[in-house]
Amino acid sequence: MTDINPAMTETQIPTASAAAGRSLWQDAWLRLRRNKAAVTSAFVLLFIALAGVFGPWFSPHPYDRIYPQYVRAPASLEAYPKEDAIVPAFESAVARARIEMGETEVDGSTVRVPISDGEPLDPRIVRYVDRSDLFSNARIEELSDDGRSGVLAADVSRIRFIFGTDANGRDLLSRILIGIRISLAIGVLASVMALLLGVTYGAIAGYLGGRIDNVMMRVVDILYSLPFIFFVILLVVFFGRNFVLIFIAIGCTEWLDMARIVRGQTLTLKRQEFVQAAEALGVNNAGILKRHIIPNTLGPVVVFVTLLVPKAILLESLLSFLGLGVQEPLTSLGLLISEGASNMRGAAWLLIYPAVTLTAILFALNFLGDGLRDALDPKDR
Amino acid sequence: MFAYVLRRFVGAVPTLFIIITIAFFMIRLAPGGPFDLERPLDPLIMQNLERAYNFDKPLWQQYLIYLGNLAQGDLGPSFTRRDFSVVDLFRTGLPVSIRIGSLALSLALVIGVVLGAWAALRQNTWVDYMVVGTATFGITIPTFVIAPLLSLGFGVMMGWLPAGGWGTWKHMVLPVTTLALPQIAIIARLTRGATIEALRSNHVRTARAYGLPSHVVVGVHALRAAILPVVSYLGPAAAALLTGSVVVETIFGIPGIGRYFVQGALGRDYTLVMGTVVVIAVFVIVFNLVVDILYAWLDPRVRYD
């Protein structure tokens, strides 16, 4: 804590004395690092965010690829197909070709069945097998001279569904990864939106003061008393369910608290000497706001934003849950939970994995937000 | 006091008016209408329908007509549920929502306050950590996660309770629990914080100095101060709980009014959406007033005149 390198201090701040104090941010950083829950949450969050951003590219299954043979396949670490499912699936695929079939045998990762027919075999029958999700590279081997009998062979394609598949036969892991991406993106974008609106509005109201402040804050009060969730729902219902609209709508509902916090901060800040000094130097209002007021309100604002992100994610998930969020085949965690809820009989994993993911994100964000609040604002414990 | 209540009601009128106005024009200016079907209606029928519901008049006239009807307590006919007026729908649905909501609210209030006070009295012991931990859990996990998980666990896997539906008391257990859990968590946290503060305050120290038994000190003097933040939280919370939760009603299949708003908005059922907005706004306003009156009664420092 006290091991400040004097050489570094000198080069950075030539005029400062050797005992340079720690800034608010350094202080906060030290306090945050000591908070185990917050640090763990930050790592969990980082991991989940990286999974959401890069995961879909590394996932073996595209999130919208449908495997008709694997509808509601349970979560399993073993590769599909299961051993006892290979033969029936193969036979039912070959049966569609309407030819005589012998005994099917499985040899490692290839399946073979002797086939024969009244007329020469059509090489196109391999397509019946290739069409199945379970097999690939189907071919006719040992074709007899008259072309009426041979052996139909195919490779078993091993696919892993670690989290199982959904009711349409899509890989749940890939869908959760894309869901994380969408949920986090909406959470962050909506918070940024609320941040920009709220900070600008609050800082202007607080700094200008007087009648303008009065009017601006009355507007906030009135908006506050409106049942905003309903207006978000109305907006989304009426103007289509698109990604941009959703986060704008959420951002527009969440900026009110921000405006109040920033205004309160600004009211105390604007009486301080450094602002008066700037005024005396002839800096204009916009300059003072940008250079002096807003940077100094950032502490509480940062705390508020970390608590805003889970709120926005929750609101988006709620909209998705109600069927008003992002549209298929794109998905979000709320939509996945909603689908899981309607499929929970017999396919509990569809509910459990997305629910656990969302809960983990919300927990991590809340702990991180609490940690930041403790770190940045030690009075408010 | 009476003058204060009256003034608050008069003061609420503009808010209500603004809410109604915004909601009305938002719904009406949205694309689509209640009579849009896959196959378009015969133009003549459409014309008659529009005339019957005044849709052929200019929007501002319809707005005035709506306000006039509203003033007489008429919320209009529902467009998606034929043969029902919006008032009928609320008459059957509202009691159901209020029943579940009030049960959840009482449960949350009792358990939350007890847990919170207990944690405060045993600050920094395992009791405290348990309560705070559980509360964090309850606040973080959203209803739409808890509800299906409870339904899955107790309804589908264990089979102890019906996973959904409405009828006997058994049907109410899971929805009430779902609604109460987050409220318990929030109330416990609020009570804990306020009780810790109250226990350090002068009036509690004085009560102790008088030699009052500790259950009186805590139960009467500390709790009375500690309950204040809970009361002010309860206003909006009660309004939200009693007007039904769309998530809980959807998952457990409960015939309350929580679903009306989303269904009405999707089906462009103008009157149903407006009715829901009005009912919820009135609930919010009334409960905020009740809270303020309770506040004055609980906290002798607060005076309204």
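Rule-based calculations on the coordinates, nothing more; no lab input. These numbers come from a predicted model, not from an experiment. Cβ coordinates were reconstructed from backbone atoms using ideal geometry, including for glycine residues, and neighbour counts include every protein chain displayed.
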(message) How tilted is helix B:170-199 with respect to the longest principal axis of chain B? Cα atoms for both, answer in degrees (0 to 90, nearest 10).
(response) 50 degrees
(request) Kindly put A:Tyr353, B:Tyr210 in sequence by how many other C-beta atoms sit within 10 Å of each C-beta, fewest to most. (result) B:Tyr210, A:Tyr353
(request) Quantify how strongly other chains surround peptide A:355-362 by giving the mean number of their Cβ atoms within 10 Å of each of its Cβ atoms. (result) 4
(message) To make sure I understand, if each residue's beta carbon is the centre and we count other beta carbons within 10 Å, what order do A:Trp29, B:Trp169 fall in, fewest to most?
(response) B:Trp169, A:Trp29
(request) Using just the alpha carbons, could you tell me how many Å³ per residue the convex hull of chain B encloses? (result) 166 Å³
(request) Could you work out, residue by residue across B:134-145, how many beta carbons of other chains sit within 10 Å of that residue's beta carbon, and then give the average as an integer? (result) 6
(request) List the lysines whose Cα lies under 30 Å from the Cα of A:Lys270, skipping any in the same chain that are fewer than 8 positions away. (result) A:Lys290, A:Lys379
(message) Can you give me the angle between helix A:36-58 and the longest principal axis of chain A, using Cα atoms only, in degrees from 0 to 90, rounded to the nearest 10?
(response) 40 degrees
(request) Would you please calculate the Kirkwood hydrodynamic radius of the protein assembly as shown over all C-alpha pairs and express it in Å, rounded to one decimal? (result) 29.7 Å
(request) Using label points projected 7 Å from each Cα along Cα→Cβ, tell me how many nm separate A:Val244 and A:Lys36, to one decimal. (result) 4.7 nm
(message) Pick from A:Val192, A:Val106, A:Val220 the residue whose mean-square fluctuation is largest in a GNM of chain A, springs joining Cα atoms under 10 Å.
(response) A:Val106
(message) Output wanted: per-residue J couplings in Hz (rounded whole) for segment A:171-179, from phi through Karplus 6.51 cos²θ - 1.76 cosθ + 1.60, θ = phi - 60°, x for Gly and Pro.
(response) 5, 5, 4, 4, 5, 5, 4, 5, x
(message) I'd like the Karplus ³J(HN,Hα) series for segment A:300-312: coefficients 6.51, -1.76, 1.60, θ = phi - 60°, whole numbers in Hz, and an x wherever there's a Gly or Pro.
(response) x, 5, 4, 4, 5, 5, 4, 7, 7, 4, x, 4, 5
(request) With N set to the residue count of segment B:220-304, report its C-alpha Rg divided by 2.2 N^0.38 Å to two decimal places. (result) 1.41
(message) Compute a Gaussian network model of chain A, connecting alpha carbons closer than 10 Å, and tell me which residue from A:Ala364, A:Ala277, A:Ala194 fluctuates the most.
(response) A:Ala277
(request) Would you please classify the overall shape of segment A:325-375 from the alpha carbon gyration tensor, given that a ≥ b ≥ c denote the square roots of the eigenvalues, rounded means a/c under 1.5, and beyond that prolate means a/b larger than b/c while oblate covers the rest? (result) oblate
(message) Is there a quick way to get the dipole size of the protein assembly as shown? I mean about its Cα centre, with the Cβ of Lys and Arg at +1 and of Asp and Glu at -1; what is the value in debye to the nearest 20?
(response) 3140 debye
(message) 5 Å is the cut-off here: which amide hydrogens, built 1.01 Å from N in the peptide plane, fall below it relative to B:Ser85, excluding neighbours closer than 5 in sequence?
(response) B:Ser78
(message) Based on C-alpha coordinates, I'd like the Rg and Dmax of segment B:247-296, in Å.
(response) 14.0, 44
(request) For A:Ile159, list long-range residues whose amide hydrogen, built 1.01 Å from N in the peptide plane, is under 5 Å from its own amide hydrogen. (result) A:Tyr80
(message) Using the basic label-point model (7 angstrom from Cα toward the beta carbon), what is the B:Gln72 to B:Phe84 distance in nanometres?
(response) 2.4 nm
(message) How tilted is helix A:243-269 with respect to the longest principal axis of chain A? Cα atoms for both, answer in degrees (0 to 90, nearest 10).
(response) 20 degrees
(request) Output ³J(HN,Hα) for segment A:106-122: one whole-Hz value per residue in order, computed from phi by the Karplus curve 6.51 cos²θ - 1.76 cosθ + 1.60 with θ = phi - 60°, and x for Gly and Pro. (result) 10, 10, x, 10, 10, 10, 9, 9, x, 10, 8, 7, x, 10, x, 5, 7
(request) Give, to the nearest whole percent, the P(r) tail of chain A beyond 27 angstrom, counting all Cα pairs. (result) 64 percent
(message) Let me confirm one metric for peptide B:148-158, namely the mean number of other chain beta-carbon atoms within 10 Å of its residues' beta-carbons.
(response) 4
(message) Using Cβ counts within 10 Å as a stand-in for footprinting exposure, how do B:Lys57, A:Lys311 rank, fewest first?
(response) B:Lys57, A:Lys311
(request) Could you state, as a whole-number percent, how many of the C-alpha pairs of segment B:1-116 are farther apart than 18 Å? (result) 70 percent
